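**Student:** Following this message is one structure expressed as C-alpha cells.
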Amino acid sequence: MNRIRAAIATTVLVSSVTAWAQNAERPVNLVLQITVDQLRGDLIDRYSAGYGEGGFQLLLDTGAFYVDAHHRHANTETVVGHTTLATGTDPAIHGMVGNVWLDRLTGQLIYNVEDADHPLLGEGGGVDASTEIDPTQKVATTQGRSPRAIRTTTISDEIILSAGPKAKVFGVSIKDRGAITMAGHAGTAYWFSKSASQMVTSTFYKDEYPDWVEAWNAKGVPNAYEGKSWELSKKPSAYLFGNADDQEWEVDFPGYGRTFPHPFGKADSPYFTTLLTLSPAGDEIVLDFAKDLMTAEGIGTDDVLDYLAISFSSTDYVGHFFGPSSLEAEDNLHQLDRTLAELFAFVDKKVGLDKTLVVLSADHGGSEAPGYLQSLGVDSNYFNFENVDKTEGIAALKAEFGVAKELVDQFFQPYFYLNHEAIAELDFDISVVARRVAEELRKLPGIAYAVSSYDLRAGAVVDTPVTAAILANYNEDRSGDIYVVFNPQWFVGEFDGMAVSGSHGQPWFYDSHVPVIWMGPGVKPGRVGRRAETVDVAPTISAYLGVKYPSGTRGRVMTEIID
C-alpha cells in the first residue's frame, strides 16, 4: 500500500474519535458526486422533452440548479475539470494542467495519472495506452496508475481525514482519470479497461481484488452487448434532431456508422469495447458496477459518512464523434436520464435520498461540429498544427535565428513545445524565441491568442478574461512553452489519434459552461442565476458537512446551499 495512504490512515487513527464523526445531527450518510463528461451547461434543458420522473427531472424539481456555472481555467479537458471539482482549486495549484504534459528531463509526454511504481492489479488488467493518448506522440508506455500527480488534497481525502478510517470512499468511471481524480489519494478508484473488458484498479489502491470485484468481472457484463446495437429509445418524431440522423460532418466509424442503429459487433472485435463507450452502454456498465460496489461495501449504511463519485463518460465520446447537436447526443442524454433514475432509485433503497447529498456537474462543455455551424453560416473550422513550422512567419524566424531544424517541436493541447535542443545549440535565450514564436502564431488563421510561459511567469501579459484563465492553468513545472487559444468555434479535429466532429479544451463559453446541481437535505429547490465557478463545489461540500476544506482551495462556498 502507498506511503501517502498509510500516512493518512495513521492521521485518522490518531484522531478518529471526532465530535463530527460521532455527531448524530450530521445532515447525510452519503455524498454522491456525479460528473457527466462533456455535459455542456445548456444541454439538460435543451433535451428535456421526454425525460422521465426519476432522473434529470428529479434534480430539476427538487434540486438547486446553478444555470451559469463555469470552469475558470483555460484548458477545459477531462482531467483538469475533474481535479478542479475534486480539489476546489485551479490547475495552477493542483497541478493537472492537461491530459498530458511534456517531461523535459525524459523528453516524453506524461499521461496525467500514469505511475510506473503502481502497475495495474492482476493479469490482463493493462490499459491500452493507444485508447487514451495519441499514439503518434512520444508517450511513456507505463501502464501504472495513481493520483500522485495531484498536488493537493481532494474533498474525498478530507472526508476520510475528518470522519476516520471507517469512512468508505470510492471513485468509479469508464476513464481512469475520471475515477482516480475523484477518489483522491485516500480513497479507492475503479475504472474500465478496454483491452481487458473488465473493471480494474492499481496497486496504489489494493494488493488484491475484493471477491465482489472478481465476481462482477466474472459476470461478463460488457460481453452481454455482443451482437446488439445502440437503438433509438423513442420514435424519431419525439426528438429535436429526429430528422437529422445522417449528418455529413459526423464520424463514420467503420462498422458503427453514423445512422441508427449502431451495431457493437462481436465481443472479440478489437473495437468492441471502444464502441460500447461510444454509446449509452458505457454508462450502463459503470452503473451496474457501482450498484454492486454499494451493496458489497455497505456504502452509506452505517454511522460513518461515506463518499461515492461516479463519472459518466459516454456523453463525451458521443459528443466527439457526432457533436452535441445530433440525434445521437440527444438520445444518449435521454438514456443517461434513465441511468440516473435507476441510480437514484437504488440509492434511495439502500441509503435513502433523504440521507444523501447529491451534486452533479461536468468536467467541461463542448463545441458544436464545424460542419453544423457552417451550415448555419457561423465561422468555424479545424486547425491543423502539422504545417505550423512551415508557415511563412515561422520560416522567417528560423532564418532570423539561423535554426536549421524544426523550431516548433510538437503541439499537444493547449501547448506548443519548442525545440530546446536546436535553440540551445545556437545559444539563444529561450524566452526571447518563445515570445517571437508566440507573436507569429497570433497571425495565423484560427489562432486568437498565444502567449509564452516565460511572459506568464514574468507577469508580462495584459489582464483580460482570457489571460486570467490561462494563468489559472499555468504551472511552472508542467506548462509548455507557448499557450495557444484558438478562435471561437475553431479547434484541432483529433481525439485519441482519430478524427472527430466536436471537441473541447478552450476558454470560450461553450467549453467552460457546465451545470452544477445540488440535491439533498436542506437544499432549497430552484434555479440560481448568479455566475458560479466549479472551484466552489468542493468547499461547499466541506461547509455542508462541516469538514476541513481541501488544502489548495481557492473557491467560495455557494451560500444558497449553506444556510
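**Student:** With respect to ASP379, is the statement that it is within 30 Å of TYR544 (Cα to Cα) and at pLDDT 90 or above true?
**Tutor:** no
**Student:** Return the residue satisfying two criteria in turn: it lies in segment 231-254 and is over 17 Å from LEU333 (Cα atoms) and surrounded by fewer than 14 Cβ atoms within 10 Å (Cβ to Cβ), and of such residues it is modelled with the lowest pLDDT.
**Tutor:** By that ranking, first place goes to PRO254.
**Student:** Would you check if SER542 is closer than 26 Å to ASP61 by Cα, buried (at least 23 other Cβ atoms within 10 Å of the Cβ), in contact (Cβ under 8 Å) with a residue 24 or more places away in the chain and polar (S, T, N, Q)?
**Tutor:** no
**Student:** From GLY522, GLY493, which residue is surrounded by fewer than 21 Cβ atoms within 10 Å (Cβ to Cβ) and in the same structural domain as HIS73 (by TED's automatic domain parsing)?
**Tutor:** None of the others qualify; the one that does is GLY522.
**Student:** Any residue at all in segment 339-350 that is farther than 30 Å from ASP252 by Cβ, modelled with pLDDT of 95 or more, small (Gly, Ala, Ser) and in a helix (DSSP H, G or I)?
**Tutor:** Yes: segment 339-350 contains one or more residues that are farther than 30 Å from ASP252 by Cβ, modelled with pLDDT of 95 or more, small (Gly, Ala, Ser) and in a helix (DSSP H, G or I).
**Student:** Hey, among ALA422, ALA434, ALA438, which residue is touching an Asp or Glu at 6+ places or on another chain (Cβ under 8 Å), surrounded by 13 or more Cβ atoms within 10 Å (Cβ to Cβ), within 18 Å of GLN506 (Cα to Cα) and of a type in the set (A, V, I, L, M, F, W, C)?
**Tutor:** None of the others qualify; the one that does is ALA438.
**Student:** Residues that are of a type in the set (Lys, Arg) and modelled with pLDDT of 90 or more: list the strands (runs of 3 or more DSSP E) wholly contained in segment 385-501 that include at least 1 such residues.
**Tutor:** none
**Student:** Can you report the number of residues in segment 222-237 which are without any contact (Cβ under 8 Å) to a residue 24 or more places away in the chain, small (Gly, Ala, Ser) and farther than 13 Å from ILE285 by Cβ?
**Tutor:** Here the count works out to 1.
**Student:** In addition: Determine which member of the set ALA460, ALA448, ALA422 is under 22 Å from LEU102 (Cα atoms) and either among the small types (Gly, Ala, Ser) or in contact (Cβ under 8 Å) with a residue 60 or more places away in the chain (or both).
**Tutor:** Checking each option against the conditions leaves just ALA422.
**Student:** If you take the residues of segment 348-381 that are out of contact with any Lys or Arg (no Cβ under 8 Å at 6 or more places or on another chain), closer than 23 Å to THR534 by Cβ and among the aliphatic types (A, V, I, L, M), which of them is surrounded by the most Cβ atoms within 10 Å (Cβ to Cβ)?
**Tutor:** It comes out as VAL359.
The values are calculated or read from the model by the stated rules, or taken from the named source; none is laboratory data. No experiment lies behind these values; they were computed from the predicted model shown. With ideal geometry, Cβ positions are generated from the backbone for all residues, glycine too; neighbour counts draw on all protein chains shown.
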